[in-house]
Amino acid sequence: MTYTGDVSQGGPADVRELNDITIGKLEVGGFGNNAYLLRCKETGDGLLIDAAAEPDRLLEWIGDAPISKIVTTHRHRDHWLALADVHRATGATVVAHPLDAPHLPTPAGLEVEHGDRVTLGVLTLEVIHLRGHTPGSIALLYQDGHLFTGDSLFPGGVGNTERDPARFAQLFGDVKERIFDRLPDSAWVYPGHGKDTTLGAERASLPEWEARGW
């Protein structure tokens, strides 16, 4: 079946099969959070992005196949409610940016900065630091075509900066420079809540986002 990224609370995961990686998306918790399970096809190694809620459901989804890392995109509680339980059950290394890592319930075994690489079997994901939603928000990029943005970029705008002009300017600037200015329209965006989008679908709206300030 064709991947759409349209998932719902209590519903099944949607899965995208690429040549060398599998990308799964599942909605968990009461805030409509998206969790993503990536697997390297060559090695079977797995990586979970945002252990947001419902640890039993996440662990059932992960199954018996190993995961080596749990990436937390930012410090907000709705993105790590299941982190301690999933970490305890899997032994996976917790990955976060050092500015947000101290706010997590489980210590980060790997702290990452902008431009670092996170390994997944024989594959790598690039860390993109997007400042503004929180100081240590990060996105993960796979091969310039698949971008996991947490709460920093959604269909229709950047993440919430609580109407703070300085925070909005920082986040908008990072999203424009570090994402839109370097990646193609075909790049697929997997956000922390709600539906997916592409950079091409959003690019024309950048001036509108900047003008409205949120």
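The values are calculated or read from the model by the stated rules, or taken from the named source; none is laboratory data. Since we're looking at a predicted model, the values are computed, not measured. Heads up, the Cβs are rebuilt from the backbone with ideal geometry, glycines too, and the neighbour counts pull from every protein chain shown.
Selection of segment 187-211 for residues being touching a helix residue (DSSP H, G or I) at 6+ places or on another chain (Cβ under 7 Å) and either more than 28 Å from VAL28 (Cβ to Cβ) or not in a loop (DSSP other than H, G, I, E, B) (or both) yields VAL189, LEU199, ARG203, LEU206, TRP209, GLU210. Counting the residues of segment 170-185 that are touching a residue at least 24 places away in the same chain (Cβ under 8 Å), outside any loop (DSSP other than H, G, I, E, B) and over 12 Å from GLU202 (Cα atoms) gives 5.
Only strands (runs of 3 or more DSSP E) wholly contained in segment 1-108 count here; list those with 2 or more residues that are β-branched (Val, Ile, Thr).
Filter on segment 1-108 gives 21-28, 67-71, 93-96.
In segment 185-214, the qualifying residues are those that are in contact with a Lys or Arg (Cβ under 7 Å, 6 or more places away or on another chain) and aromatic (Phe, Trp, Tyr), and the one that is surrounded by the fewest Cβ atoms within 10 Å (Cβ to Cβ) is TRP214. Within segment 132-169, the set of residues being surrounded by fewer than 22 Cβ atoms within 10 Å (Cβ to Cβ) and assigned to a helix (DSSP H, G or I) comprises PRO165, ALA166, ARG167, ALA169.
Annotation note: Cβ proximity below 8 Å between a residue of segment 90-115 that is at pLDDT below 95 and a residue that is among the hydrophobic types (A, V, I, L, M, F, W, C) (sequence gap 6+ or interchain) occurs for no pair.
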